[in-house]
Amino acid sequence: MITLTINEQKHEVEVDPSTPLLWVLRDKLAMTGTKFGCGIAQCGACTVHINGMAARACVTPVSMVTDAKITTIEGLSTDGSHPVQAAWVAHEVPQCGYCQPGMMMAAAALLTQKPNPTDADIDAAITNICRCGTYPRVRAAIHSIAKT
Amino acid sequence: MNFALNRRLFLQASTVAGGGFMLGFALPGNEAEAAAAPEVNAWIVIQPDDTVIVRVAHSEMGQGAFTALPMMVAEELNADWAKVKPEFINPTEHVQRNRVWGGTATVGSRAVRTSHEYLRKAGASAREMLIAAAAQQWKVPASEVRAEKSVLTHTPTGRTLSYGKVASAASRMPAPKDVALKPHTEWTILGTPKSRVEIPDKVMGKPVFAIDVRLPDMLFAAIEHSPAFGGKLKSFDEKAVAKMPGVRAVVALADSAVAVVADSYFEASRA
């Protein structure tokens, strides 16, 4: 039995300790907002926060995060009011939307560390892949939050 | 995205399951449905609180169809756009109702290009039925009734009724055989910028993509095939794989691949 703290709630799950956090979230806890993309830490669709830092859940064994505070898109806010979510709505960032939970988690973590990121900071920190090509709006939305 | 049992199917199902209970209300099936949420036609349901549900038969993949297609209906319906609530059709109901919503394939930028005529006609037809229902209630000629922004007005006297008040009666009106569509110079919704309606859900991670669908007792399969084109399957250790956690079956797919079926996708793909 493994105990996890996700979105400020304790969850007990019966899994192999080597199971990636992503699959515990999706398969055991039915939290499907966090997406499976590549499974090899490249695309960022599975990005969550571990103690406030952006992390790729698809390569994070669940045994590594038993003492950590985990935040997923479901916990970024309960009503879509997080500044990143509000900016994403205002700028109509998502197209198909599949990669956007991971994109928003990466953006939220960046803004916590660098409240006024430059384009270079954004490029360096947000390596998430979006097949729809929403990158220009991702940048614009992040800059709009930095200004406020 | 929404595969939940909708109200119509629920009513059908519960009418069958609890027949005696439903009969207790002495309401014929159509009346019960109309009272629940009147379907003016297959595309349009108007609730008593004036919410206009417009059904969408194409998928939303970021191209904006979930917003653009209801705009076509709302334009001819003369609906208040703020009260329009797009809703995906239920695929099961689509089959049960003999594919009442037509083609659902979403491909080649065709959803918007090819849906104009029938969606606008559905909106115009429902608008005429609402006008006819209001005229009947007021006992006036339909030509004296104007429909605008989800409100019906009897022009000579200024009396008004909201769409929600007459939707039930409108749903029992005969559909007009032919309806004239507005010239584009009179459009107030089409051709104007509108916010994409599904975005607030998308920023919360709520949309159910195919990979997110969970059904009772669902199993997951992962397929391993030859990394080289045309490669053949020589052998695989079925016994070793079958012992791994969560694995339910190991299946050879002809002579070219192996599928592992497990309780979760991770367990299947790891095996």
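The values are calculated or read from the model by the stated rules, or taken from the named source; none is laboratory data. Since the model is a prediction, treat every value here as computed from it, not as a measurement. Note that we place each Cβ from the backbone using ideal geometry, even for glycine, and neighbour counts take in every protein chain shown. For the accessible areas, the whole protein counts, side chains as well, though only heavy atoms, and no ligand, DNA or RNA atoms are used. Shrake-Rupley method; radii C 1.70, N 1.55, O 1.52, S 1.80 Å.
Cα centroid distance between region A:87-148 and region B:87-112, in Å?
Region A:87-148 and region B:87-112 have Cα centres separated by 34 Å.
Could you tell me the relative contact order of chain B? Use alpha-carbon pairs under 8 Å, at least six residues apart, and round to a whole percent.
17
Based on the Cβ-Cβ distance from B:A42 to B:A222, what FRET efficiency comes out when R0 is 41 Å, to the nearest 0.05?
My answer for the efficiency is 0.55.
With a cut-off of at most 12 other beta carbons within 10 Å, and DSSP calling the residue loop, which trypsin sites (Lys or Arg not before Pro) in region B:79-142 qualify? Please list them.
Passing both the DSSP loop test and the Cβ count: B:R99, B:K139.
Report, to two decimal places, the Cα Rg of the protein assembly as shown normalised by 2.2 N^0.38 Å (N = number of residues).
Values: Rg = 26.0 Å, N = 419, 2.2 N^0.38 = 21.8 Å.
Ratio of Cα Rg to 2.2 N^0.38 Å: 1.19.
For chain A, what is the mean residue ellipticity at 222 nm derived from helices alone (per DSSP H run of n ≥ 4: -39500 (n - 2.57); sum divided by total residues; nearest 500 deg cm²/dmol)?
The helix contribution divided over chain A gives -9000 deg cm²/dmol.
Give me the percent of accessible area attributable to carbon and sulfur for region A:83-147, probe 1.4 angstrom.
On region A:83-147, the fraction of accessible area on carbon and sulfur atoms equals 58 percent.
Would you mind telling me the share, in percent, of accessible area of chain B contributed by carbon and sulfur at probe 1.4 angstrom?
58
Return the loop-located GluC sites (Glu not before Pro) in region A:10-90 (DSSP other than H, G, I, E, B) with at most 15 other Cβ atoms within 10 Å of their own Cβ; answer none if there are none.
A:E14
How much area per residue is accessible in the protein assembly as shown when the probe is 1.4 Å and only protein heavy atoms are counted (Å²)? Mind dumping the intermediate values first?
Working: 21550 Å² over 419 residues.
With the other protein chains kept in place, the protein assembly as shown gives 51 Å² per residue.
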